[in-house]
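For reference, the structure is listed below as structure tokens.
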Amino acid sequence: MNIALIAGGYSGEYSVSLRSQRALMGFLKESPYSIYPVLIRKDEWIVNGEKEYPIDKNDFSFVTDDGERIVFEYAYVTIHGTPGEDGLLTGYLDMLGIPYSCCSTLVGALTFDKYMCTHLLRSFGVHVAKSRRIYRSDIEHIREIAREMGLPVFIKPNTGGSSIATTRVDKEDQLDEALRLGFEESDVLLMEQLMVGTEVTCGCYRDGDGIHALPITEVVTENTFFDYNAKYNGQVQEITPARLTEEKTTELRELTKDIYQILNASGIIRVDYIIQGDTPYLLEVNTTPGMTETSFIPQQVHVAGLDISQVLQDIISYQIAEAQK
């Protein structure tokens, strides 16, 4: 079977996506599938292996030097951000009838919108921080909005990840710069109330044996928050399993599985929380979580005593079988 391992995209997470692709190529190198790295940019879609070949978008294929047409039969999507995480690419794959690794088009679009996702899950009893969407038209009233919310707050793109263009705002005179950075990345921002507590994250996936919650990772950083440098440049302690009681660990893993089911998620997701007091508050749901050498999911799979290559193959074989029903 020919599998496209798709990276790139149009967002600030482009470089992270390429790192995830490289790691995944290593994880899957012994798989029974023919894995081809694919790069998607606004101006081109190409196979980006030892040689480059343009992708024919009509049927998601490419032609080799000897004239053989390779048609992809499955897509492993590791684009963080648009168009891989927001439903755009999966909509294209849906039209071609090609199964893929991540959540459905509807779920991808929903979870990509942080405000909509958290408020939907709140209706199912999940605790979330107080938040408000910020549009460019709100700029002239931003100080009043911040006072109503109560500083400190975070201002970040409503659609995006890796803490890119995310600012912790402790004083009103920091608002203008936070807005400038945020609007460079997205047309809609999220102002979110600061929560103080223990930050944790839990991976979850479905295969032929059901839904599995992975061990929980505790995130400890001396930075003002878990920003890009903490995530990808080592300015953080990532403690797996998290230093939680057995009861709290079970509660969070079950909550993560509940969220997976509520959303009807697919493939691997990662759910981030802040435990404030004794209550876990949802931060966000990542439907194409990072798979780099410093990412949480490979760490959690290892601590669970599982082999990452086998986990990925189990997910892929399950999704292919489901698509063929």
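Could you name every one of the strands (runs of 3 or more DSSP E) located completely within segment 1-89 that has at least 3 residues being within 27 Å of Glu284 (Cβ to Cβ) and in contact with a strand residue (DSSP E or B) (Cβ under 7 Å, 6 or more places away or on another chain)?
Output list reads 2-8, 34-41, 74-77.
Tell me yes or no: at least one residue of segment 310-319 is aliphatic (A, V, I, L, M) and more than 24 Å from Glu238 (Cβ to Cβ).
Scanning segment 310-319 turns up at least one residue that is aliphatic (A, V, I, L, M) and more than 24 Å from Glu238 (Cβ to Cβ).
Only one of Gly12, Gly49, Gly91, Gly8 is under 22 Å from the mean Cα position of the chain (by Cα) and at pLDDT below 95; which?
On the way: Gly49 fails: under 22 Å from the mean Cα position of the chain (by Cα); Gly91 fails: at pLDDT below 95; Gly8 fails: at pLDDT below 95.
The unique qualifying residue is Gly12.
Among the numbered criteria (1) of a type outside the set (A, V, I, L, M); (2) buried (at least 19 other Cβ atoms within 10 Å of the Cβ); (3) out of contact with any Leu (no Cβ under 9 Å at 6 or more places or on another chain), which one does Trp45 miss?
(3)
Among the residues of segment 94-130, write down those that are surrounded by fewer than 20 Cβ atoms within 10 Å (Cβ to Cβ), modelled with pLDDT under 95 and among the hydroxyl-bearing types (Ser, Thr, Tyr).
Listed by number, the list holds a single entry, Tyr115.
Got a sec? Which strands (runs of 3 or more DSSP E) wholly within segment 150-224 have at least 1 residues that are out of contact with any strand residue (DSSP E or B) (no Cβ under 7 Å at 6 or more places or on another chain) and of a type in the set (Lys, Arg)? Step through it out loud before you land on a result.
Values: elements: 153-157, 167-169, 189-193, 198-207, 210-220.
Qualifying strands (runs of 3 or more DSSP E): 198-207.
What number of residues within segment 281-314 satisfy the criterion of being open to solvent by less than 30 Å² (accessible area, probe 1.4 Å), under 27 Å from Leu121 (Cβ atoms) and part of a helix (DSSP H, G or I)?
Of the residues in segment 281-314, 7 are open to solvent by less than 30 Å² (accessible area, probe 1.4 Å), under 27 Å from Leu121 (Cβ atoms) and part of a helix (DSSP H, G or I).
Could you tell me how many of the residues in segment 157-208 are at pLDDT below 90 and of a type in the set (Gly, Ala, Ser)?
Qualifying residue count, segment 157-208: 6.
Would you check which residues across segment 315-325 are surrounded by fewer than 21 Cβ atoms within 10 Å (Cβ to Cβ) and polar (S, T, N, Q) and list them?
Looking only at segment 315-325, we keep the residues that are surrounded by fewer than 21 Cβ atoms within 10 Å (Cβ to Cβ), and these are 315, 317-318, 320-325.
Answer for segment 315-325, where residues must be surrounded by fewer than 21 Cβ atoms within 10 Å (Cβ to Cβ) and polar (S, T, N, Q): Ser317, Gln324.
Going residue by residue through segment 52-69, is there one that turns out to be in contact (Cβ under 8 Å) with a residue 60 or more places away in the chain and open to solvent by 20 Å² or more (accessible area, probe 1.4 Å)?
no
The values are calculated or read from the model by the stated rules, or taken from the named source; none is laboratory data. What you see is a predicted model; the values in this text were computed from it and never measured. FYI the Cβ positions are ideal-geometry reconstructions off the backbone, even for glycines, and counts take in every protein chain you see. Accessible surface is based on the protein model in full, side chains and every heavy atom, while ligands, DNA and RNA are left aside. Shrake-Rupley method; radii C 1.70, N 1.55, O 1.52, S 1.80 Å.
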